[in-house]
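Taken together, the values in this text are just the output of simple stated rules run on the coordinates, not laboratory data. Treat the numbers as computed from the prediction; the structure is a model and nothing was measured. Counting neighbours? That spans all protein chains shown, and the Cβs are built from the backbone with ideal geometry, glycine included.
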Amino acid sequence: MRSHDVLVVGTVALDSVKTPFGNVSNALGGSASYASVACSFFSPPRIISIVGEDFPKEHLAFLQSKGIDTLGIQRKGKTFRWEGLYEFEMNEAKTLKTELNSLATFSIDIPPSYADSRYVFLANIDPALQLDVIDSLKDPTLIVADTMNFWISSKKKEVLKVMERTDIFVLNDGEARQLFGTVNLLKAASLALNLGPKAVIIKKGEHGALLYTKGKHFSAPGYPLEEVRDPTGCGDSFGGGMIGYLAKEGKHDERTLRRAIIYGSVLASFNAEDFSLNRMRTLTQKEIEGRYLEMKEMREF
Ligand code: AMP
């Protein structure tokens, strides 16, 4: 594996989050932060994003301490901010406020040293920016993309275009229903596959994830966590863990993809144990492998 084969594009944010188990304000968050840190456990990525002049330097230092290349993080104006609330139904965040700030005028500028990125994770960000990134890449091996209800409501056409141009599209169950106007996930997945991706992954929060490829599907369990403190970033940690593993293995056949989904679920489950990226700060490779094996045992019958 060459290092920095993976490119992660998404938000680097300051989040204020409240759950039944506590709260944080202006803590490190953003889809690219979660995804790139999860990815770094397998294959340290490069990031494309933007923060403001107000973004604490120690957060960038933390990302760099994980081996992440932050050259592609621009700095301008005020940092993107998100405020969310989880009630006892911890599967879905209620967005209280989204302040796009510097993200509103962000335009993609890929450092020349990033152009050869082979594995690309387009984490949740404006789909128009996701399309700009796809246009700027030289010869990507695999493009994985994620989105969220905010963009499906405001830029559905662009979200569908991103789907047409990616190899694997990841979204959660509510978003799949919203995007395709059906309650049936199998139907939504087959409509998505008709648009062009080779695989569609539907995340079901604590209940795991479903992988659909033409004519096949695989169901990954959620890890049964006793203590969920803050699910923010679980989707991004899932995607980041998955692409990091695929890049490390250097292949994405069905079997590798299934394993990658389990690693993604493992990273997501650790992430939910604490607020912001705090659990990722202490997480070890040994803990990841231990939980991966537990997941394997759980599926044996
Ligand atoms: P997740 O819980 O995996 O869906 O992602 C949560 C992260 O997404 C938070 O850290 C937010 O900063 C970030 N976020 C929230 N809204 C948006 C948005 N509209 N676009 C991109 N990122 C967002």
Whole-Hz ³J(HN,Hα) from phi, Karplus 6.51 cos²θ - 1.76 cosθ + 1.60, for the range 181-190, glycine and proline x: x, 9, 7, 8, 5, 5, 5, 4, 5, 6
Peptide ranges 47-55, 234-242 listed from the most packed, as the mean C-beta count within 10 angstrom indicates: 234-242, 47-55
Residue-by-residue Karplus 3J(HN,Hα) for the range 138-145, coefficients 6.51, -1.76, 1.60, Hz, glycine and proline x: 6, 8, x, 7, 8, 10, 10, 10
Label-reachable residues, the range 63-91, where backbone N falls under 19 Å from a point 7 Å from residue 100's Cα toward its Cβ: 74-84
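Mean projection of the alpha-carbon convex hull of the range 193-301 over all orientations, in nm²? Don't jump to the answer; show the numbers that get you there.
Numbers: hull surface 29.3 nm².
Orientation-averaged projected area of the Cα hull: 7.3 nm².
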Sorted peptide list for 25-37, 159-171, criterion being average Cβ within 10 angstrom, highest first: 25-37, 159-171
FRET efficiency, residue 88 to residue 54 (Cβ-Cβ, R0 41 Å, nearest 0.05): 0.80
D_trans [Stokes-Einstein, Kirkwood Rh over alpha-carbon pairs] for the chain, 4 °C, 1.567 mPa s, µm² s⁻¹: 69 µm²/s
The range 1-144 - convex hull of the alpha-carbon atoms, volume per residue in Å³: 115 Å³
Rounded to 5, the percent of DSSP beta bridges in the chain classed as antiparallel: 40 percent
Out-of-range pairs (alpha-carbon distance over 22 Å; input 94/157; 161/251; 18/156; 198/251): 94/157; 161/251; 18/156
Förster-model FRET efficiency, 35 Å R0, residue 164 and residue 217, C-beta, rounded to 0.05: 0.95
